[in-house]
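Inspection log for the structure reproduced underneath, given as structure tokens.
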């Protein structure tokens, strides 16, 4: 059976852009490279049926969707609704994890203060800030979009430096100089993210 590559390519791109995804976002979700997605969307090659089923399930459509004309039509309501539900669930799971971290820290703080009254136990809370960024970064790498990683990594670096500086400031007042490390670290993060930027030529 011969398939219309141009039609399938158009429909893959249509689903991806309807969900406001980049090629890299889609590639991450189906464990393929963005180069493969780019080739599919240009009609240079076709994904096999297993991959097409993965894409169909991801967007909540049937396999028939790929073999029908959709250009010029509105985004299917079921696609929008499915992606919104998935994104909402992922966000709630990530937020529950972060809130759980802070709840655990609060319980630990209360228990320790009641039983032993450890000095400077409040430092557990500044430490929770970079750990929160780390959790969000992990969830974003699994479910989210690459474009948010630069913000989360930057937040992780700066809050880690701030937390370490705050925890050690009682040992030496010059520990704040650790924050200077954040400048080259931030530049490295921005340059690293720039390595992944490329224009897909049709």
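Once you reduce segment 99-118 and segment 173-190 to the center of their Cα atoms, the two points are 30 Å from each other.
Axis angle, to the nearest 10 degrees, between helix 77-115 and the longest C-alpha principal axis of the chain: 10 degrees.
In the chain, the longest principal axis of the Cα atoms and the axis of helix 182-195 are about 10 degrees apart.
Model label sites at residue 116 and residue 145, defined 7 Å from Cα along the beta-carbon direction, differ in position by 4.6 nm. Here residue 190 and residue 64 are evaluated by their C-beta separation; at R0 = 41 Å the FRET efficiency comes out at 0.40.
Per-residue ellipticity at 222 nm from helix content only, as computed over the chain with -39500 (n - 2.57) for each DSSP H run of at least four residues, stands at -22500 deg cm²/dmol.
Summary value for the chain: 16 percent relative contact order, contacts being C-alpha pairs under 8 angstrom separated by 6+ residues. Spatial offset of segment 138-163 relative to segment 1-69 amounts to 28 Å, using the alpha carbon center of each.
Values quoted throughout were computed directly from the atomic coordinates according to the rules given, and no laboratory measurement underlies them. As the structure is a computational prediction, the values presented were derived from the model and not from experiment. Heads up, the Cβs are rebuilt from the backbone with ideal geometry, glycines too, and the neighbour counts pull from every protein chain shown.
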